[in-house]
Amino acid sequence: MTIQLPTIDIKWKKYVLVKDRLSYFNDNYPNWSVVTQRVLTDEPWIEIFKATVTPDCDKPNRVFTWYAQAKWWEWFINKTAALENAETSAIWRALAFMWIGITDWIASAEEVTKADSGK
């Protein structure tokens, strides 16, 4: 079941922002955990994060995990916040696998904007 949350329109598609997904998660999963971990690489210009979402810490075998990367030279937001963007994107995807805020697909608003810009 997909949870209906506020959306924004990008290229005629509806997207749920990370802040709204996290707000829903915080309100509805009181025994939750979101853990992020920076993944070290040999490439200093690439940030990779792993996010693990546990909806119920009493049942830690049910987790949702995703990785995301951001390159410091790509896309305007990454030029100053690639680290934060990678972490937020990893959380976004992990929550998406719980079906929190899915509209048409799992791609984030930022991913679609980036893809549309050709970068």
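The values are calculated or read from the model by the stated rules, or taken from the named source; none is laboratory data. For clarity, every value in this text was computed on a predicted model and none was experimentally measured. Heads up, the Cβs are rebuilt from the backbone with ideal geometry, glycines too, and the neighbour counts pull from every protein chain shown. Note: areas computed on protein heavy atoms with side chains; ligands, DNA, RNA excluded. Shrake-Rupley method; radii C 1.70, N 1.55, O 1.52, S 1.80 Å.
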Of all accessible surface on region 21-70 at a 1.4 Å probe, what whole percent is carbon and sulfur?
50
Sorting check: for 64-73, 34-43, 84-93, 10-19, which peptide has the highest mean count of neighbouring beta carbons within 10 Å, and how do the rest follow?
84-93, 64-73, 10-19, 34-43
